[in-house]
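K.L.:
Mind looking over this structure? Questions follow.
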Amino acid sequence: MKITLFLLPLSITAQETLPEVVVTANRSSEESQDVPYTLEILTAEDLLENATRTLPQAFLNTPGVLVQQTTTGHGSPYIRGFTGRQNLLLQDGIRLNNSTWRSGPVQYWNTLDAQAIDRLELIKSQGSVLFGSDAIGGTVNTLSKSSGFRNEDGFFSGGAAYYRFDTNSESHLGRLEQRLGVGGKWGLMLGYSASDIGDIRDSALGTMRGTGYSQLGHDLKFEYAFSPSQTFTLAHSYLDQDDISRWHNTVNNPGWTHGRSFTTAGTDLARDYDQERSLTYLRFEDTYTNLSWVDRYQATVSFQHTQDSESRVRGSGRSDTRVLDVDTFGLSFQAETGNLVWGADYYHDQVDSRGFRNGIPRPSNRPIADDATYDSLGIFANYTGTIGQRFTYDAGARFTYIEAQWDGYRPDEAAVDQPGDGSWDNLALSLRGQYEVDASWTFFGGASQAFRAPNLDDLTGSQFSLNGLDENGSPDVDSEKYLTPELGTRFHDGDFSLELSGYYTFIDDGIVRVDDGMGGLATTNGSDGFIYGFEGQATWKFHPQWRLLAHASWQDGEQKQGGVTDTIRRLNPLNGAVDLRWTEPSGDYWISGRVQAAARQDNLSILAASDTQRIPINGTPGYVVAALYGGWRVSEAIQLNLALENLTDEDYRIHGSGQNMPGRNATLSVKFEW
């Protein structure tokens, strides 16, 4: 299938083309047009207008990002060819990646409530200088909602109620939030969210039984001003998901045929996940210190608790259950001294792991070694300078030391637990710059190093993978290392903006899974590899009421492993979208039409081609999908949004996903503010 593709991210459909402030790129506030990185910014209003249900779905219309969805409740964005633990997820600047994250597409991004997010910042190919291990494909920082007390006068109070319903799965999602405080002195934000997601329907498969699930979450943020420049913050968030089925592995999956492509049927009687995560942090920030050695600083203490459980019942009736409890303690400090941003961070994971077979404890069924710890210490500095009037540059470095220790490690062939330990260190460097041709046109680029130390799953993991194969870790693996040069250009003249970029990522010692010859997968370091690609994005406001947006991206790559050169797993197919939007002169209502398209992806790795319950034999078919979105500001208090998605009831699957996308669907949401 040949598709001619377009140009820019619909992630900014609701935004003006004026520059925005970004805080993630250099750990300080800068205008988005002034950073030498490719970035995407999404606001809470964007998520509302695009009918976004989960955090991964927020990136469905972002160039260079493939949003793989193993299930309705699990999603994992592939950013420039990397997914899961090779992308770094932050909440208010705090790492959510921990040492138990498994390989491949992961479910953990869905433990962050999309309805509690004020804005998202995605920095692509940033490297490890500022935020450490895992920041390979991209770094995503989610900034949570707050009271905004510094912008208020006297006592204030307000809130919102949000409700969303979709017709395809008859799903309900709701959120209540309340803020109050005294302007300039203190503020409190409280939120509660609940979802009841039904089984989705596809035009070819009908209702996909078992794809629904339930979710609950709450969040709190209290801020207190010690002075006009000093702020103390106490924040807590919690989310719980129950009974999320890995549908494609189960007997509910009859197999899917689309033209010459087809998947095989599932065989498990059940394969369900429960997830629970909480984050609590204390932060003190001074934005104007009057000290000679530091202009501003921020210190944070955090604690996270996560619990993951997986229950699998095979066709034979044998049941296996794996449960993980992880406590993560974090400390971080960052400061700005002139043009220098510097600081340090420390994270400690304490892991408890349990495994069962047919309800009886079984040590070799533990998902990770029991009674394990994982410590990471990083020290970083990044300097922003200028050469002449037109050239700015960023030069940064980070030293990281990581140490792991475990006791309850029981490989299948072992009779007793095998304790072990390991340590790794890394020096990552980055040098990037931006040249301003004139007030509208700039070039940017540079090179950034990234790395990922082996985590506890790489070292001691025992997971179900692909079509239910056992995937086993190895205590002998070493860190994987990356170098990404990037070159791009931006043009912005008020009514028209354009960004083009190209990148090439060198892979050294990438940790891979290979056939162990015994019906499972073994963990090892691969040899050299690479991923390269191109992205384009544009916005044109050709009339006061009309705006056109478009984007396109393409990538390719390969890696040597086990003496064989193989395609990188789940590369993005050639894809893009175009969106045309009309806004009524008063701004009270708007409507947009959108077309998304992807080409056939049959450039498959050996392992991807063997995952036949998920990846179609002969490749994932291409598709063209149309949708309409609209909004109406009924009054200052009431906002209505309507999305008519998959207008032609297209039968399609995003490459790498474990289920088809919903067929024709109408999503209605209402937001009431007081």
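All of the numbers you see were taken from the coordinates with simple rules; none came from a lab. Computed from a prediction, not measured in an experiment: that's the story for all the values here. Note: ideal-geometry Cβ built from the backbone for every residue, glycine included; neighbour counts use all protein chains shown.
K.L.:
Short version: ³J(HN,Hα) in whole Hz for each residue of segment 552-566, in order, from phi by Karplus 6.51 cos²θ - 1.76 cosθ + 1.60 (θ = phi - 60°), x for Gly and Pro, what are they?
P.N.:
Result, ordered by residue: 8, 8, 8, 7, 8, x, 7, 8, 8, 8, x, x, 10, 7, 10 Hz.
K.L.:
Could you please report the charge total around residue 377, scoring K, R as +1 and D, E as -1 over all other residues with beta-carbon less than 10 angstrom from its beta-carbon?
P.N.:
Residues close to residue 377 contribute a combined charge of -4.
K.L.:
In whole Hz, with x marking every Gly and Pro, tabulate ³J(HN,Hα) for segment 435-441 from phi via Karplus 6.51 cos²θ - 1.76 cosθ + 1.60, θ = phi - 60°.
P.N.:
Running phi through 6.51 cos²θ - 1.76 cosθ + 1.60 with θ = phi - 60° gives 10, 8, 5, 7, 5, 10, 10 Hz.
K.L.:
I'd like the distance separating the alpha-carbon centroids of segment 407-435 and segment 450-519, in whole Å.
P.N.:
Result: 15 Å between the Cα centres.
K.L.:
OK, next. So, with +1 on the Cβ of K and R and -1 on the Cβ of D and E, and no other charges, what is the size of the charge dipole of the chain about its Cα centre, to the nearest 20 debye?
P.N.:
Roughly 1200 debye, rounded to the nearest 20.
K.L.:
Further question on the same structure: Neighbour counts of other C-beta atoms within 10 Å: give me 400, 648, 289, 620 arranged from fewest to most.
P.N.:
Ascending Cβ contact count within 10 Å gives the list 648, 289, 400, 620.
K.L.:
In whole Å, how far is the Cα centre of segment 165-228 from that of segment 91-126?
P.N.:
16
K.L.:
Pairs of Cα atoms under 8 Å, at least six residues apart: use those to get the relative contact order of segment 178-288, whole percent.
P.N.:
Value for segment 178-288: 24 percent.
K.L.:
Using a/c under 1.5 as the rounded threshold, could you call segment 256-322 rounded, prolate or oblate? The axes a ≥ b ≥ c are square roots of the C-alpha gyration tensor eigenvalues, and prolate needs a/b larger than b/c, oblate otherwise.
P.N.:
oblate
K.L.:
Suppose R0 equals 30 Å. What FRET efficiency, 1/(1 + (r/R0)^6) with r the Cβ-Cβ distance, do residue 151 and residue 291 give to the nearest 0.05?
P.N.:
0.65
K.L.:
Using Cβ counts within 10 Å as a stand-in for footprinting exposure, how do 145, 124, 185 rank, fewest first?
P.N.:
Taking fewest neighbouring Cβ atoms as first place, the list is 185, 145, 124.
K.L.:
With point charges of +1 on the Cβ of Lys and Arg and -1 on the Cβ of Asp and Glu, referenced to the Cα centre of segment 260-373, which listed residue (293, 347, 309) lies farthest in the positive direction of the dipole?
P.N.:
Working it through, the farthest residue towards the positive pole turns out to be 309.
K.L.:
Using DSSP to call loops (not H, G, I, E or B), can you name the chymotrypsin sites (Phe, Trp or Tyr not before Pro) in segment 258-360 whose Cβ has at most 16 other Cβ atoms within 10 angstrom?
P.N.:
Filter output for segment 258-360: 288, 293.
K.L.:
Using Cα-Cα distances under 8 Å and only pairs 6 or more residues apart, what relative contact order does the chain have, in percent?
P.N.:
13 percent.
K.L.:
Place +1 on the Cβ of every Lys and Arg and -1 on the Cβ of every Asp and Glu in the chain, take the dipole about the Cα centre, and give the residue among 213, 374, 643 whose Cα lies farthest towards its positive end.
P.N.:
The one lying farthest along the dipole's positive direction is 643.
K.L.:
Related question: Applying the Karplus parametrisation 6.51 cos²θ - 1.76 cosθ + 1.60 with θ = phi - 60° to the phi angles of segment 299-316, what ³J(HN,Hα) value in whole Hz is obtained for each residue in order, glycine and proline being reported as x?
P.N.:
Karplus-based 3J(HN,Hα) across segment 299-316 equals 10, 9, 10, 9, 9, 10, 10, 10, 9, 10, 9, 10, 10, 10, 10, 6, x, 6 Hz.
K.L.:
Can you sort 208, 518 so the residue with the fewest Cβ neighbours within 10 Å comes first?
P.N.:
Ordered from fewest to most neighbouring Cβ atoms within 10 Å, 208, 518 come out as 518, 208.
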